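Colleague: For reference, the structure I am asking about is given below.
The values are calculated or read from the model by the stated rules, or taken from the named source; none is laboratory data. Keep in mind the model is a prediction, meaning the values are calculated, not measured. Positions of Cβ are backbone-derived with ideal geometry, glycine not excepted, and every protein chain shown enters the neighbour counts.
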Amino acid sequence: MSKTHWTSYWQTGALTSLPMDFKANYDGELENYWQSVLLKSRTEPLTVLDVCTGNGAIALLLQELADKHEVKIEVTAIDASVINPTNILKSHPDKAKYVPMINFIGNCLVENMSENIEQKFDLIVSQYGIEYCDTEQAARNVAKLLKPDGELVFVAHSPDTAMHEYMQTEEAVYQYLEQVDMLVAFERFGHNHITVNGFKNKLQKGLEAMSKRMDYRSNSLFQTWGNAAMQLYEMNNSALKTQRDSVKQFYIKYQHARARAQDMLNVTDKLLNQKDWYLTFEQYGLKLENHDEIIYQQKHNVGHFYEFSQI
């Protein structure tokens, strides 16, 4: 399964998957929760595997908390995407002490990680990640990599009907842009498969069609594509010729964004329709000890935590 759309995101240096809400790293109640997980462990050095790590947000958070509380910890962090610690350091130079302490492994799927990792761990963790995996295969691999008396602890997205509706609307916008040939126009022009005049004709027709969709006018994605198309359409031909690569990159960026949104939409469908999905882990020798929601700043439900022990 290709994870190019996630690799492109992590290559930007973003640390979290929610950069508008958590610019540096997860804080507040989320940080407090992971601190409680770390401090209740009695094993030192504590061996930790962070799965679906992305750019290592939780791995780094645990490493920093361990340093603060003088807990000996050894962290391995895996992700299906390509992981480049250099990109993390470029965007977050304040993490320079901790990034080298973590053993990052990219191109490693949770669903077959036991084939690539021989070590067993005291604690396997994840945040906003394991719910994206095939649950049965993830459970099977987690069970293989946990030490006797080891623990699995993860924070998953909460089923959110409002977010589900928002992502459905975004996908509907993408489908509409396809219907009016806006996506294919950008793709073909970016790959030099259409002339400047041919591109302008496509833009004109697309913009005329978009002007009639009053129901999408307040949608930020619709506005972004409409503004980009208008700016390109208003350029003279000589200037527009120089924009092929920019148009190509714009198209690729939003194709990747669409694929990530589709992943999130699929996960939301899973959480809404398979409410006991997490109990699959109990079929592979784990016991659910505790689970509850996490309320951020006493306002927002930012996820549910689940704590399993190895039987």
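Colleague: Take residue 80 and tell me if it is under 22 Å from residue 155 (Cβ atoms), in contact (Cβ under 8 Å) with a residue 60 or more places away in the chain and in contact with a Cys (Cβ under 7 Å, 6 or more places away or on another chain).
Modeller: Numbers: under 22 Å from residue 155 (Cβ atoms): yes; in contact (Cβ under 8 Å) with a residue 60 or more places away in the chain: yes; in contact with a Cys (Cβ under 7 Å, 6 or more places away or on another chain): yes.
Considered against the rule, which asks whether it is under 22 Å from residue 155 (Cβ atoms), in contact (Cβ under 8 Å) with a residue 60 or more places away in the chain and in contact with a Cys (Cβ under 7 Å, 6 or more places away or on another chain), residue 80 comes out as yes.
Colleague: Among the residues in segment 297-309, are any assigned to a helix (DSSP H, G or I) and of a type outside the set (Phe, Trp, Tyr)? So that I can check it myself, show each step before the final result.
Modeller: Residues of segment 297-309 that are assigned to a helix (DSSP H, G or I), as a first pass: none.
Scanning segment 297-309 turns up no residue that is assigned to a helix (DSSP H, G or I) and of a type outside the set (Phe, Trp, Tyr).
Colleague: For the list (1) out of contact with any Cys (no Cβ under 8 Å at 6 or more places or on another chain); (2) surrounded by 15 or more Cβ atoms within 10 Å (Cβ to Cβ); (3) under 20 Å from residue 272 (Cβ atoms); (4) in the same structural domain as residue 284 (by TED's automatic domain parsing), I need the number of the one condition that residue 120 fails.
Modeller: Unmet for residue 120, out of (1) out of contact with any Cys (no Cβ under 8 Å at 6 or more places or on another chain); (2) surrounded by 15 or more Cβ atoms within 10 Å (Cβ to Cβ); (3) under 20 Å from residue 272 (Cβ atoms); (4) in the same structural domain as residue 284 (by TED's automatic domain parsing): (3).
Colleague: I've got another one for you. Condition first: under 30 Å from residue 309 (Cα atoms), basic (Lys, Arg), surrounded by 13 or more Cβ atoms within 10 Å (Cβ to Cβ) and outside the structural domain of residue 135 (by TED's automatic domain parsing). Can you find one or more residues in segment 249-268 that meet it?
Modeller: Start the filter on segment 249-268 by keeping residues that are under 30 Å from residue 309 (Cα atoms), which leaves 263-268.
Remaining after also requiring basic (Lys, Arg): none.
No, that holds for no residue.
Colleague: Filter segment 238-273 down to residues that are more than 30 Å from residue 11 (Cβ to Cβ) and either of a type in the set (A, V, I, L, M) or at pLDDT below 95 (or both), then give me how many there are.
Modeller: Quick first cut of segment 238-273, residues more than 30 Å from residue 11 (Cβ to Cβ) only: 238, 272-273.
Among the residues that remain, those that are also either of a type in the set (A, V, I, L, M) or at pLDDT below 95 (or both) are: 272-273.
The number of residues fulfilling the criteria is 2.
Condition check ((1) within 20 Å of residue 38 (Cβ to Cβ); (2) of a type in the set (Lys, Arg); (3) at pLDDT 95 or above) across all residues:
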{"site": "63", "(1), (2), (3)": "yes, no, yes"}
{"site": "72", "(1), (2), (3)": "yes, yes, yes"}
{"site": "101", "(1), (2), (3)": "yes, no, yes"}
{"site": "108", "(1), (2), (3)": "no, no, yes"}
{"site": "126", "(1), (2), (3)": "yes, no, yes"}
{"site": "139", "(1), (2), (3)": "no, no, yes"}
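Colleague: Taking the options 64, 74, 44, 70, name whichever one is of a type outside the set (Lys, Arg), touching a Lys or Arg at 6+ places or on another chain (Cβ under 7 Å) and either part of a strand (DSSP E or B) or surrounded by fewer than 24 Cβ atoms within 10 Å (Cβ to Cβ) (or both). Outline the logic, then answer.
Modeller: Working: 64 fails: touching a Lys or Arg at 6+ places or on another chain (Cβ under 7 Å); 74 fails: touching a Lys or Arg at 6+ places or on another chain (Cβ under 7 Å); 70 fails: touching a Lys or Arg at 6+ places or on another chain (Cβ under 7 Å).
Going through 64, 74, 44, 70 in turn, just one is of a type outside the set (Lys, Arg), touching a Lys or Arg at 6+ places or on another chain (Cβ under 7 Å) and either part of a strand (DSSP E or B) or surrounded by fewer than 24 Cβ atoms within 10 Å (Cβ to Cβ) (or both): 44.
Colleague: So, one more: If you scan segment 269-301, which residues turn out to be of a type in the set (A, V, I, L, M, F, W, C), buried (at least 16 other Cβ atoms within 10 Å of the Cβ) and in contact with a helix residue (DSSP H, G or I) (Cβ under 6 Å, 6 or more places away or on another chain)?
Modeller: As a first pass, look at segment 269-301 and keep what is of a type in the set (A, V, I, L, M, F, W, C): 271-272, 277, 279, 281, 286, 288, 294-295.
Those left that are additionally buried (at least 16 other Cβ atoms within 10 Å of the Cβ): 271, 281, 286, 294.
Correct list: 281, 294.
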